[in-house]
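Chemist: Starting off with a structure, shown below.
The values are calculated or read from the model by the stated rules, or taken from the named source; none is laboratory data. Being a predicted model, the structure only gives us computed values, none of them experimental. Reconstructed Cβ throughout: ideal geometry from the backbone, glycine too, with neighbour counts over all protein chains shown. Just so you know, the surface numbers come from the protein's heavy atoms only, side chains and all, with ligands and any DNA or RNA stripped out. Shrake-Rupley method; radii C 1.70, N 1.55, O 1.52, S 1.80 Å.
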Amino acid sequence: MTTLIDDRRVRARDASPARYFYLNMALACAATAFLGFAPTYFVPLAQRTFSASPVIHFHGLLFFTWSLYFVIQTWLAASGRVVNHRALGIAGVSLATAMTIFGFLASVHVMQHAAALGQKDAGIGFSIVPMSGIAFFAVVFVLAIVNTRKPEIHKRLMLLAAVSILDAAIARWFITFLAPPGPPGPPPVPVTIAPAVVASLLLVVAMARDWRTDGRVHPVYIYGTLALLAVKVLNWPISESAAWHSFAGGILALAQ
């Protein structure tokens, strides 16, 4: 009974219009993910014209489930249902763990597919993109869990984690409308930078909201955005290095 009363008090205190900002951002992330993958995955899947490895299907299911999970969690927080929000957080840990595992497996699948097309080196080089992406997501998520008792940090880290995996969805629109015709295979690593920059615009919106409401931008957004963009830019030279080809090539050899 005491817990229910406390939860109602928290709900009444925290259910302010400003807290719905993160729900709106979560909805924007989910919409971006769905619309980004619609032309190359969801629509072909509905038309039964899409064929892929089970690993890819599980990968897609987990990552889109994350988008919906993030919406639910931000809605619970915005409406003041903190007890439910924290209880559901346990499921989020399991989901993020599964995403990390299948994100890595999907990266290996990319290399295997490229090798089957006779583009082994290109596949090994491109694998830095999904591997670094899921690693960044995992690190930010862990930091968010560590800071659950610091809501101002926690919610910003969760938004950063959600935005960090949107570049793949945005890249699908680049591929659909801008990619020149050519043989199938992994794209050049440099072309993945632009989608990451577009995804980061959501963080710019969050920064503007901080500036408008608090008079300053929270350090999580500043350092998080810089780190995210640095990872995407550094993927290019790292993908061409002998060290990366030795590391990723070793993983590919073990998988074959």
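Chemist: Can you name the condition, by its number, that A114 falls short on among (1) open to solvent by less than 20 Å² (accessible area, probe 1.4 Å); (2) closer than 26 Å to V205 by Cα; (3) part of a helix (DSSP H, G or I)?
Modeler: Among (1) open to solvent by less than 20 Å² (accessible area, probe 1.4 Å); (2) closer than 26 Å to V205 by Cα; (3) part of a helix (DSSP H, G or I), the lone unmet condition for A114 is (2).
Chemist: Mind checking whether some residue in the stretch 63-72 is open to solvent by less than 20 Å² (accessible area, probe 1.4 Å) and modelled with pLDDT under 90?
Modeler: At the first step, the residues of the stretch 63-72 found to be open to solvent by less than 20 Å² (accessible area, probe 1.4 Å) are 66-67, 70.
In the following step, the residues that additionally are modelled with pLDDT under 90 were identified as none.
No.
Chemist: Looking only at the stretch 74-87, count how many residues are open to solvent by less than 60 Å² (accessible area, probe 1.4 Å) and either within 15 Å of R149 (Cα to Cα) or in a helix (DSSP H, G or I) (or both). Show your work before the answer.
Modeler: If we filter the stretch 74-87 for residues that are open to solvent by less than 60 Å² (accessible area, probe 1.4 Å), which is where we start, we get 74, 76-80, 82, 85.
Checking the rest, the ones that are also either within 15 Å of R149 (Cα to Cα) or in a helix (DSSP H, G or I) (or both) come to 74, 76-78, 82, 85.
So the answer is 6.
Chemist: Right, something else. Can you tell me which residue in the stretch 180-232 is least open to solvent (accessible area, probe 1.4 Å), limited to those that are more than 26 Å from S107 (Cβ to Cβ), hydrophobic (A, V, I, L, M, F, W, C) and out of contact with any Asp or Glu (no Cβ under 9 Å at 6 or more places or on another chain)?
Modeler: That would be A206.
Chemist: I would also like to ask the following. Provide a single number: the residues in the stretch 1-45 that are of a type outside the set (D, E, K, R), closer than 21 Å to R81 by Cα and modelled with pLDDT under 90.
Modeler: 12
Chemist: A further question follows. Could you list all residues from the stretch 185-225 that are small (G, A, S), part of a loop (DSSP other than H, G, I, E, B) and touching a residue at least 12 places away in the same chain (Cβ under 8 Å)? Explain how you work it out, then say what you get.
Modeler: Our first condition is that a residue be small (G, A, S); within the stretch 185-225, this holds for 185, 194, 196, 199-200, 206, 208, 215, 224.
Remaining after also requiring part of a loop (DSSP other than H, G, I, E, B): 185, 215.
Residue satisfying the conditions is G185 alone.
Chemist: Within the stretch 159-176, take every residue that is among the β-branched types (V, I, T) and modelled with pLDDT under 90 and give me the one that is farthest from F137 (Cα to Cα).
Modeler: T176
Chemist: From S107, S132, which residue is open to solvent by less than 10 Å² (accessible area, probe 1.4 Å), part of a helix (DSSP H, G or I), closer than 19 Å to G249 by Cβ and in contact with a helix residue (DSSP H, G or I) (Cβ under 6 Å, 6 or more places away or on another chain)?
Modeler: S107
Chemist: Pairs needed: first member in the stretch 228-240, touching a residue at least 24 places away in the same chain (Cβ under 8 Å); second member anywhere, open to solvent by 70 Å² or more (accessible area, probe 1.4 Å) and among the hydrophobic types (A, V, I, L, M, F, W, C); C-beta distance under 9 Å; at least 6 residues apart or different chains.
Modeler: L229/V197; K232/V197
Chemist: For the structure I just gave you, tell me whether T74 is of a type in the set (V, I, T) and under 24 Å from S200 (Cα atoms). So that I can check it myself, show each step before the final result.
Modeler: Details: of a type in the set (V, I, T): yes; under 24 Å from S200 (Cα atoms): yes.
Answer is yes for this residue.
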